[in-house]
Structure formats: C-alpha cells, structure tokens
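The values are calculated or read from the model by the stated rules, or taken from the named source; none is laboratory data. Keep in mind the model is a prediction, meaning the values are calculated, not measured. Don't worry about glycine lacking a Cβ; one is built from the backbone with ideal geometry, like all the others, and counts go over all protein chains shown.
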Amino acid sequence: MSLSSSKSMSLMENTRALNNLTLDVVGKLLGIILPAKGMARCPLPNHDDRTPSFEIRHQGRRWACYACDMHGGTIDLVMAYHGMEFMEAKNWLIDRSGLYVDKSKRSPLRTKNFKVQTHSQSPENAAITDETPPDQNVYKELLARAPLRETGAKYLQKRGISKQIIDRFLIGQMPGFTEIQELIEKFGFDRVQTSGLLTKQSTPSRFRPILPQAAILFPYFEGGEITYFQSRSMNDSDKKNRWRNLNHRRKRIYNVDVLRDSRISRVAICEGVLDALSSTQLGCEAIGFIGVSARLSESEMTSLRGKQVDILLDWDDAGEKRAAALRKDLARFGIAATRKTAPRSGAKDINDYLREGHVSI
C-alpha cells in the first residue's frame, strides 16, 4: 500500500486498525520474533535482556517492558524500536501491513494478504486502557502511613532538594510489611491490588508490595488528589532498579497541575521527578515525564499556550532527540518552547545542575 492511498483512511480509523494488529505480526515486520502472549526477552535496542522482562498481554495487542519502563500498543513498539515519531511510525506500519479501507462497501478496516519482510535489528507512551480510576482513599491512607524518615531526608538533601520542596510535595518513604498488611485489612486485598500497590504474583495469603520498603515515595497529584505513586531506591549504584512504578497502572505526569494553573507563566518540561523538583527549587515550576518517551496529550499541550516553556530533558543523545521532537509537537499548537543548552560544567541533568550550587535557571 502506498503512502498516498493511505491518506484516504481517517486518522482515528487507521490508528485503531494498526493497534488492532497482534504484536507477533508486527514483530515479523520488524524482523524480530515475539510470542502471541506471555513473557519474552525485550527486543528494544540497547537492552541486553538476559532475564525476560517484556510482557505481551490483552490478546497479544499490548506490551510492557518492566526494565525499560515502557509500554503500549503496536505503533508504540515501532516508535520505540526504530526511534520514530508517532506519524512516522504509523506510516511505516501502514506501508508494511497492507491495511486499507474498502469505502465502496463501507466495510470495516481489514488487512490484505502480504508477505512479511524481515529487517535486521536497529536501534505516546500509550495509556493502559482497562484500568479503574485511581483509588484516592487507598493512596491517601498509604501516604499517611509513609512519613519521610531521617534516612530519606538526608538522601534528598544530598541530591540538593530542600526541606521546603520536600514539604510542599509531601514526599514520604515506603513503610514496611506491617503497614501494607494493615492497608489490606482496611480496604481488602482486591482493592489494594487494583490500586497497583502489589506485585502481579501476590495473593491474599501471600503478597508483596511493588514499591520497596524504605524507598523514597513520591505522590502524584491531579486536581489536588493523589492519582499515582513512584518510588526511588536510595542505592544510586543500582541503576536498573532505582525507580519503581505502580503495577499495571497508567504512568502519569508528575506535578501536572502546574499546566492548568493560570498564575504560573513559566513551565519547564523535565525527565523524571527529581529533575522536576530541582527545576522548581531553581525558580521554574516544572512537570516530570516518566521516561524520555512520555508524551503530553493535546489538552495538556494546549494548556501551555501563553506560558514560557523551557525543555529541560536530560543532556544526552536520547534527551536531545526527544527535545527536538517535543518542540515540533508543541509548535503545532502554537507554543514556542526553548531547549536549554547543556551547561559547560558537564551536568547531565537539571538535578546535577542544582547540586553544583546554582540557585536559578
């Protein structure tokens, strides 16, 4: 199918159809072997996945890599595998899958027979569509049982985060097994598990929290209510397991309420919670992505109109590439964003910059 003929398909129609392809089919188009369901080794570039961490679910149409901290559907897999933007990945998949619409018969989108071409491996964080709303009562109770202890306060201060910022963002520290057991006794196992606080293998008689004991606990607020948690280990040397997210809950944007606050005229877009906190401490309110590939919705981008927008993603190859793409996305909504250049000091992110002793951006 040519790119020109693909234009007859509506944007929503071909997106829905492409995401309805199974991942084993898309894997063949990419030149990789994926099962129809279950666990597999992660096929993404630069991930030496010796222990399978890539899960395929939802009838073979959704995936998640728990080590890469990425998930999505078929289009997202092409984006992550080839480093493409959304429309580029869609057109790549349309060309190779043979999807078309027979308008004369008003039939639903279907797939032509096609010969799979294999390719050698080469280098919208999609939402989980079947989740229940955030259980704010469970989350409030967890945070009430998770005060920040001396060890956590010292760790954050070592990262340059002030007590004022710690108090403002209600940062806590994961409690022990007893507190989680009490949470289950109060709300019930099913409710706590649905909230994403337990591992997938947990049962009512044998359960384990997904967020490690004593890890720094960051609540995510939307409209003043807790909608998500993320934790960070204080062991900086364990890069693979430093950050943990809720189990099978849609990843969210940290401090997202600043986007819709009309009193805030300047917003920074950062990679991660610590960088968002660091930017805020340096005088620029900020949001934080979970992973460099995270995306803003159209309404979130629209809410940035009239604000000064600084892009403070990490100063590495992935951050620079994502920053360039993000500027283009924002420009489509009439937003001129500024990509801040890397400091001469060699700081790799805004938290490094803060720890160097700077007081403003």
Checklist line | Hits in the range 150-163 (condition: over 19 Å from GLU356 (Cα atoms) and either outside the structural domain of VAL192 (by TED's automatic domain parsing) or surrounded by fewer than 14 Cβ atoms within 10 Å (Cβ to Cβ) (or both)) | finding: GLU150, THR151
Next item on the list: State which residue is nearest to GLU356 (Cα to Cα) when the search covers only the range 129-149 and only residues that are in a loop (DSSP other than H, G, I, E, B) and hydrophobic (A, V, I, L, M, F, W, C).
Entry: LEU148
Next item on the list: For the range 68-85, state whether one or more residues are touching a Phe, Trp or Tyr at 6+ places or on another chain (Cβ under 9 Å), assigned to a loop (DSSP other than H, G, I, E, B), surrounded by 21 or more Cβ atoms within 10 Å (Cβ to Cβ) and not β-branched (Val, Ile, Thr).
Entry: yes
Next item on the list: Could you name every one of the helices (runs of 4 or more DSSP H) located completely within the range 228-344 that has at least 1 residues being among the basic types (Lys, Arg) and closer than 22 Å to LEU197 by Cα?
Entry: none
Next item on the list: Scan (1) under 24 Å from GLU55 (Cα atoms); (2) in contact with an Asp or Glu (Cβ under 9 Å, 6 or more places away or on another chain) for the single condition ILE210 breaks and write down its number.
Entry: (2)
Check: Name the pairs: first residue in the range 256-281 and closer than 17 Å to ASP167 by Cβ, second residue among the polar types (S, T, N, Q) and assigned to a helix (DSSP H, G or I), Cβ to Cβ under 7 Å, at least 6 apart or on different chains?
Finding: LEU274/ASN351; SER278/ASN351
Next item on the list: Considering (1) part of a helix (DSSP H, G or I); (2) in the same structural domain as ILE287 (by TED's automatic domain parsing); (3) not aliphatic (A, V, I, L, M), say which one GLU185 fails and leave the rest.
Entry: (2)
Next item on the list: Pull up the range 29-61, narrow it to residues that are among the hydrophobic types (A, V, I, L, M, F, W, C) and part of a strand (DSSP E or B), then point me to the one that is nearest to GLY83 (Cα to Cα).
Entry: PHE54
Margin query: Looking at SER297, SER360, SER293 in this structure, which one is of a type in the set (Gly, Ala, Ser), more than 22 Å from PRO219 (Cα to Cα) and at pLDDT below 95?
Written below: SER360
Checklist line | Matching residues, the range 150-177, being more than 16 Å from LEU217 (Cβ to Cβ) and part of a helix (DSSP H, G or I) | finding: GLN157, LYS158, LYS163, GLN164
Check: Taking the range 199-227 only, how many residues are within 22 Å of ALA286 (Cα to Cα), at pLDDT 95 or above and assigned to a loop (DSSP other than H, G, I, E, B)?
Finding: 0
Notebook entry, point to check: Filtering the range 275-319 down to residues that are of a type in the set (D, E, K, R) and touching a Lys or Arg at 6+ places or on another chain (Cβ under 8 Å), which residue is surrounded by the fewest Cβ atoms within 10 Å (Cβ to Cβ)?
Noted result: ASP316
Check: Restricting the search to the range 330-350, which residues are touching a strand residue (DSSP E or B) at 6+ places or on another chain (Cβ under 9 Å) and surrounded by 14 or more Cβ atoms within 10 Å (Cβ to Cβ)?
Finding: LEU330, ILE335, ALA337, ARG339, LYS340, ASP349, ILE350
